[in-house]
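J.: Below is a structure I'd like to ask you about.
Any read-out appearing in this document is the output of simple, stated calculations on the displayed coordinates, not a laboratory observation. These numbers come from a predicted model, not from an experiment. Here the Cβ positions follow ideal geometry from the backbone for every residue, glycine too, while neighbour counts run over all protein chains shown.
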């Protein structure tokens with residue numbers, strides 16, 4: 001199922017958060033929404049997830065709108081992982097993950113729930129109360145809940161932000177593999193190295209507008225990153241993959257000299 005936004009504008013309390021953004025994401029693609037704080041990434045993601053209506057423009061899913069798909073079918077088509085990472089009830093972990101099956105007509109611990117828990121590496125937490133989890137454990141449990149939907153579109157807001165380095169790598173790898181199996185995966189990401197390494201495409205936003213969209217190698221060049229994030233970067237290849245590493249404040253004394261020492 002493809003995902004497309006056409007001329008989407010989002011306003012809240014008369015403030016424009018997203019300005020005339022158009023995107024098209026094909027099945028099998030892992031797209032990063034990348035940009036500084038306040039760029040409009042989360043607001044756009046919520047509209048893509050059907051949680052908010054745009055002030056203008058339209059979002060379509062394989063050419064149909066949310067209302068044309070219908071509420072029940074839409075719940076099976078789009079899975080959403082929020083940023084806040086809260087669990088409101090002291091349920092066992094396996095029951096929290098099983099909530100992802102509600103759009104399919106039930107919340108039983110079925111094979112899809114077990115697959116999701118295995119993928120997110122939380123099976124060993126199955127009987128634990130969600131209220132006893134660490135922040136990183138809770139983030140992986142909520143990812144498992146989103147994966148349990150087995151939706152063709154997965155939208156995630158900062159899915160690796162609270163995780164330790166090992167689980168950051170594993171979650172980003174899992175999202176890339178989910179896309180490789182034919183899903184559309186769109187994630188809000190602040191981590192430039194992770195976006196460059198794991199994502200097929202990057203949509204770079206600033207002040208609510210889409211600045212550039214394309215392959216990470218094309219979008220995350222030194223000039224554009226400096227203009228968007230006010231940082232200079234080091235770029236190099238490692239194990240056949242591109243690395244983009246924030247290095248220093250753009251324009252700081254000797255920043256380019258320092259960065260150039262590490263470029264290979």
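J.: At what distance in angstrom do the alpha carbon centres of segment 34-100 and segment 136-188 lie from each other?
T.: So the two Cα centres are separated by 14 Å.
J.: So what is the relative contact order for segment 3-218, in percent, with contacts set as C-alpha pairs under 8 Å and at least six apart? Let's see the in-between values first.
T.: Values: 442 pairs, mean separation 65.7, N = 216.
This gives 30 percent for segment 3-218.
J.: Another question, if that's okay. Would you mind ranking 56, 43, 160 so that the residue whose beta carbon has the fewest other beta carbons within 10 Å leads the list? Walk me through the numbers on the way to the answer.
T.: Working: 56 12, 43 22, 160 26.
Fewest-to-most ranking of 56, 43, 160: 56, 43, 160.
J.: Take every DSSP beta bridge with both residues inside the chain and express the antiparallel ones as a percent of the total, to the nearest 5.
T.: 60
J.: To continue, here is another question. Report, to the nearest 10°, how far helix 165-180 tilts away from the longest principal axis of the Cα atoms in the chain, using its own Cα long axis and a range of 0 to 90°.
T.: Value to nearest ten degrees: 70.
J.: With labels modelled as points extended 7 Å from the Cα through the Cβ direction, what inter-label distance (nm, one decimal) is found for residue 71 paired with residue 86?
T.: With each label placed 7 Å out from Cα toward Cβ, I get 2.3 nm.
J.: Could you tell me how many degrees, from 0 to 90 and to the nearest 10, lie between the Cα long axis of helix 135-148 and the main elongation axis, the longest principal axis, of the Cα atoms of the chain?
T.: 60
J.: In whole percent, what relative contact order does segment 75-196 give with Cα contacts below 8 Å and a gap of six or more residues? Working shown, then result.
T.: On the way: 196 pairs, mean separation 38.0, N = 122.
Across segment 75-196, relative contact order equals 31 percent.
J.: Separate question: Would you please put 175-181, 211-217 in order of how densely packed they are, using the mean number of other Cβ atoms within 10 angstrom per residue and starting with the highest?
T.: Going from most to least packed, we get 175-181, 211-217.
J.: Listing 223, 206 from the residue with the fewest other Cβ atoms within 10 Å to the one with the most, what is the order? Walk me through the intermediate numbers first.
T.: Details: 223 8, 206 18.
Placing the least packed residue first, the sequence is 223, 206.
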